[in-house]
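Read the structure below first, then the notes.
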Amino acid sequence: MKKMRAILRRWFGNNKPEEPSENIDQLRIAFQERYHNFKLLLSANNRSLEVMAEMELALQGTRPFGMSFIRSSSTLVSVNVFRMIQNLKSLSSGKYSDLDSRHTAIQQAIDSILKAEKTLKDGEPVLMLDDLNAEMVDAAGNKMANLGELKNRVGLLVPDGFVLTTTAYRRFIDHNQLQVEIDRLFQSAELESVETRYSLSSRLQQLIIRSEIPSDIVDVIHRCWKKIENEAEKPVAMALRSSAIGEDTEGSSFAGQYRSELNVSFENALQAYKEVVASKYSLTAMTYRLNKGFRDRDIQMSVGFLRMVDAVSGGVMYSRNPVDDRDDCILINSVWGLPKSVVDGSISCDVFVVRRGVKLEVIEQNISPKTIKYVCYPQEGICRLEMLQEESLAPSLTEIQILSLSEVALAVEAHYGLPQDIEWAIDPSGQIVILQCRPLEQIHPTTGEIPESPVVVSNEKQILFRGGITASPGIAVGEVFPVARGVDVLEFPDGAILVSAQALPRWASVLNRASAVITEQGGFAGHLANVAREFRIPALFGVPNALSLFSKGQRITVDATHRVIWEGEVASILNREVKKTNAMAGSPVYTILKTVSDHIVPLHLLDPDSIDFQPAKCRTFHDITRFVHEKSVIEMFNFGRDHHFPERSSKQLHYRVPMQWWVLNLDDGFTEAVDGKYIRLEQIQSIPMQAFWKGFVAIPWDGPPALDRKGFMSVMFQSTTNTALVSGVKSAFAERNYFMISKNFCSLSSRLGYHFSTLESLISERISENYTSFQFKGGAADDTRRLKRVQFIGDILEEQGFRVEIRDDHLSSRIEQQNMAYMIQHVEILGYLTLHTRQLDMIMTNPSSVAYYRKKIQSDIETLKEKSPQS
């Protein structure tokens, strides 16, 4: 009989055999090692999820990022996921080895994306302008390719010249072995910091300027220059202009971001070439690329050498209105002398408006005082001349010239089929010479026409200024920050309103941080205006005495559309504000992050009871983290079960609730050694578990909400058709709720009916380690109700300070690095919500019911918080 009882005990496990004390000690040591691996796994899991959230935030927001962010983020996730796999293998005695191959496959896919580069074929180091057309962008850059197109296919007059191609640029970079050092400096730099970019810009530009141009490139420059001089039958000076890949394209003008060297002599051509190439790394250009999402290697710099035009007058014309896509009038901006002062916004210019039709008609002439002009010195360089009052007030164009320019604008627009932004000059012989053209980005106004008189907002709000030039429409509020020197960009605060005397291109480097721009001078044809429109930053130019009119720190509202500046914050005006767009969307860097994140962020493995919940089905790093986390919990419980480890085995919580709650003591979660099958709440000293339970039982549940007919039918239909809602009969985890605890840690896997939730919380006196993560999924209703319920819960959690992310019907939330009392209070809230949001998906299409439960839950939470230690 004794033998039979022993056999029955072994078969049915009614009485677990006692183990020798030495085996207990060995098991204790083994368990502590496993617990250590488990904590390392959780830490790696948390870090992985944090980085994934940062990647998603980068894709959704307006904060710029570079390739270093993508590389470092993907590496961080990969390393931490690898650590999770190794920790799980330690917990499971080598099981789940298939995860290694999945990790490798995903990493290889990411590596192939990061290493992929567009390779440009080597060609001639120089091309004459006579041989260029629009298809030769990869060799000559957009600016010079467009000039070749206008000269050779449209038949317009452009300066004689040639271009040192991207092949010559690569030869120059390779000859000096610059790319390795450039890559090293970029990879070690925190590009999001303005101070870092400022320092990096200086180092990179000096690196290029001190480098040597290969002798064959030097010979090419001399040969082509002499060819143009022979044709002119006299010595000539040149304008050296950047023509980078990506410059002058639709949506990415790079307006004013690179350097131009005007009226350069033959003797200084080589130095000027290096200055233009080095401007690829100017602070404004680097910031522009970062904000627009271009990689450093995406930009290769060809340089155009154009015979200098000593302009009588010059400027920029738009074939249509850039700030109103409903207006097809031609707008011409003009000054005396070189067009430099128009494009750099240093002075006010004449503006002429021409109406299209059977016959072109000049319908508006705004003549500004043009106090200075730039002209060419006879030998080299340019001169800034003060103008006499009589000359400064004279129109810089005759009506015949206005109409001739308009015909050119129409011809260029017709050829490209898009509105165009065209830089031009009139030479001493009276001929129109085209210096540049690019696609014109137009803005669709979101408000009505500019009113005849100021809008009366309230008696308390004062109009500080009315007038000026709408360089970029829009409405913004912020504190005034005057800028005068380049160093001012380092101190420019986020959300401030930039106020300056001149609309200089250098201020473009802070447009991603500015809410609006105000300048005393400049017009809507300048480089800064172009960039402001690209970034949808309101810009009002031509505001006299702006630097004295507004004081630093003064809060104002700028309505650039209606050309009004208000004192303080005007809510009724701000209601018309259009949110900034993500300037990086669709850019090369943005596309790379999006493609890389497709292998990292999406979560496909949601249901641990599904047959697809296996290593082979892990398609992303997020899938691996989900799988590893789930299996690590099981392995921790299995250890106590398989080894009959009474001191570490799970105990059923003895409490007056109908659900089954099981507790596994990981280390020091109990107040004392507990014999038997059950544990009482007072025997548990886990801080986060006690907080959760306090919230869970604090306010009695009223039971499920009353179902309407549609809600009831939805539940019945989903329950019979969606197999993911049915608990697997072999899965004990689907039928019970498990706590794994230590004194400062709690991990809860809960399934209440059709609702799945997990809670992880570490609460201690060490604020830097504290975190709470809560995830929620499921429901028995249709997709619409489940999604509304998840959003309902997410809104409540956000109100309580949680960081929330929702993907379909899966909610993830997190708080971290808060003091002990704060963490306890918020885990109590999660305990309350776990119980009281059950079955709310049934009523989510009933607005009155939703309003009732929202008000009740908010009231209950406030009651709970009043009793918590935080209060």
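The values are calculated or read from the model by the stated rules, or taken from the named source; none is laboratory data. Because the structure is predicted, anything quoted here is derived from the model rather than measured. Neighbour counts are summed over all protein chains in view; Cβ atoms, including those assigned to glycine, are modelled from backbone coordinates with ideal geometry. To get the accessible areas, we keep the full protein, side chains included, count just its heavy atoms, and leave off ligands, DNA and RNA. Shrake-Rupley method; radii C 1.70, N 1.55, O 1.52, S 1.80 Å.
I want to confirm something. Restricting to region 612-622 and keeping residues that are touching a Leu at 6+ places or on another chain (Cβ under 6 Å) and in contact (Cβ under 8 Å) with a residue 24 or more places away in the chain, which single residue is farthest from residue 46 (Cα to Cα)?
Per the criteria, the residue is 615.
Are any residues in region 512-531 buried (at least 24 other Cβ atoms within 10 Å of the Cβ) and modelled with pLDDT of 80 or more, and if so, which ones? Once the filter is applied, which keeps residues that are buried (at least 24 other Cβ atoms within 10 Å of the Cβ) and modelled with pLDDT of 80 or more, region 512-531 yields 514, 516, 517, 518, 519, 521.
Kindly provide the set of residues from region 618-645 that are in a helix (DSSP H, G or I), modelled with pLDDT of 75 or more and open to solvent by 30 Å² or more (accessible area, probe 1.4 Å), ordered by number.
622, 626, 631
Applying the condition of being surrounded by fewer than 17 Cβ atoms within 10 Å (Cβ to Cβ), β-branched (Val, Ile, Thr) and more than 17 Å from residue 109 (Cβ to Cβ) to region 579-617 and asking which residue is modelled with the lowest pLDDT yields 581. Scanning region 293-328 for residues that are open to solvent by 10 Å² or more (accessible area, probe 1.4 Å) and over 26 Å from residue 404 (Cα atoms) yields a count of 6.
For region 240-248, indicate whether the set of residues that are of a type in the set (A, V, I, L, M, F, W, C), surrounded by fewer than 24 Cβ atoms within 10 Å (Cβ to Cβ), modelled with pLDDT of 90 or more and in contact with a strand residue (DSSP E or B) (Cβ under 8 Å, 6 or more places away or on another chain) is non-empty. Write out each step before concluding.
Narrowing region 240-248 to residues of a type in the set (A, V, I, L, M, F, W, C): 240, 244-245.
From what is left, the residues that are surrounded by fewer than 24 Cβ atoms within 10 Å (Cβ to Cβ) are 245.
Then keep just the ones that are modelled with pLDDT of 90 or more; that gives none.
Looking through region 240-248, none of the residues is of a type in the set (A, V, I, L, M, F, W, C), surrounded by fewer than 24 Cβ atoms within 10 Å (Cβ to Cβ), modelled with pLDDT of 90 or more and in contact with a strand residue (DSSP E or B) (Cβ under 8 Å, 6 or more places away or on another chain).
Looking only at region 385-398, decide whether some residue is of a type in the set (Ser, Thr, Tyr), modelled with pLDDT of 90 or more and surrounded by 14 or more Cβ atoms within 10 Å (Cβ to Cβ). Scanning region 385-398, I find at least one residue that is of a type in the set (Ser, Thr, Tyr), modelled with pLDDT of 90 or more and surrounded by 14 or more Cβ atoms within 10 Å (Cβ to Cβ), so the answer is yes. Return a yes/no flag: does region 329-337 have any residue that is at positive phi and assigned to a strand (DSSP E or B). Yes, there is a match, as at least one residue in region 329-337 is at positive phi and assigned to a strand (DSSP E or B). As for region 811-833, it holds no residue that is under 21 Å from residue 866 (Cα atoms), assigned to a strand (DSSP E or B) and touching a residue at least 60 places away in the same chain (Cβ under 8 Å). Counting only strands (runs of 3 or more DSSP E) that sit completely within region 372-428, those holding 2 or more residues that are in contact with a helix residue (DSSP H, G or I) (Cβ under 8 Å, 6 or more places away or on another chain), touching a residue at least 12 places away in the same chain (Cβ under 8 Å) and closer than 19 Å to residue 310 by Cα correspond to 372-376, 420-426.
Listed conditions (1) in contact with a helix residue (DSSP H, G or I) (Cβ under 7 Å, 6 or more places away or on another chain); (2) modelled with pLDDT under 90; (3) over 21 Å from residue 159 (Cβ atoms) are all met by residue 279, apart from (3). When 845, 834 are checked against the criterion of being closer than 16 Å to residue 758 by Cα, in contact with a Ser or Thr (Cβ under 8 Å, 6 or more places away or on another chain) and not hydrophobic (A, V, I, L, M, F, W, C), a single residue qualifies: 834.
Does residue 777 satisfy being open to solvent by 10 Å² or more (accessible area, probe 1.4 Å), out of contact with any strand residue (DSSP E or B) (no Cβ under 8 Å at 6 or more places or on another chain), of a type outside the set (A, V, I, L, M) and in contact (Cβ under 8 Å) with a residue 40 or more places away in the chain? For residue 777, the condition - open to solvent by 10 Å² or more (accessible area, probe 1.4 Å), out of contact with any strand residue (DSSP E or B) (no Cβ under 8 Å at 6 or more places or on another chain), of a type outside the set (A, V, I, L, M) and in contact (Cβ under 8 Å) with a residue 40 or more places away in the chain - is not met.
The residues on offer are 498, 405, 440, and the sole one that is open to solvent by less than 30 Å² (accessible area, probe 1.4 Å), under 28 Å from residue 332 (Cα atoms) and modelled with pLDDT under 85 is 440. List the residue pairs whose Cβ atoms are under 6 Å apart, where the first residue sits in region 537-559 and is basic (Lys, Arg), the second is part of a loop (DSSP other than H, G, I, E, B), and the two are 6 or more positions apart or on different chains. Partner pairs satisfying both residue conditions: 555/568. Limited to region 824-860, what total is found for residues that are among the β-branched types (Val, Ile, Thr) and more than 36 Å from the chain's Cα centre (by Cα)? Number of matching residues: 1.
Applying the set (1) modelled with pLDDT of 85 or more; (2) closer than 26 Å to residue 665 by Cα; (3) open to solvent by less than 50 Å² (accessible area, probe 1.4 Å) to residue 109 leaves exactly one unmet item: (2). The residues in region 127-163 that are buried (at least 24 other Cβ atoms within 10 Å of the Cβ) and in contact with a Cys (Cβ under 9 Å, 6 or more places away or on another chain) can be counted, and the count is 6.
Let's see how each residue does on (1) buried (at least 19 other Cβ atoms within 10 Å of the Cβ); (2) closer than 27 Å to residue 603 by Cβ; (3) modelled with pLDDT of 80 or more; (4) out of contact with any Asp or Glu (no Cβ under 9 Å at 6 or more places or on another chain):
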| site | (1), (2), (3), (4) |
| --- | --- |
| 826 | yes, yes, yes, yes |
| 829 | yes, yes, yes, yes |
| 834 | yes, yes, yes, yes |
| 843 | yes, no, no, no |
| 854 | no, no, yes, no |
| 859 | no, no, yes, yes |
| 871 | no, no, no, yes |
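So which of 335, 412, 358 is farther than 21 Å from residue 521 by Cα, at pLDDT 90 or above and either among the β-branched types (Val, Ile, Thr) or touching a strand residue (DSSP E or B) at 6+ places or on another chain (Cβ under 7 Å) (or both)?
Selected residue: 412, the only one of 335, 412, 358 that is farther than 21 Å from residue 521 by Cα, at pLDDT 90 or above and either among the β-branched types (Val, Ile, Thr) or touching a strand residue (DSSP E or B) at 6+ places or on another chain (Cβ under 7 Å) (or both).
One residue alone among 663, 697 is under 28 Å from residue 852 (Cβ atoms), modelled with pLDDT of 85 or more and either of a type in the set (Lys, Arg) or open to solvent by less than 60 Å² (accessible area, probe 1.4 Å) (or both), and that residue is 697.
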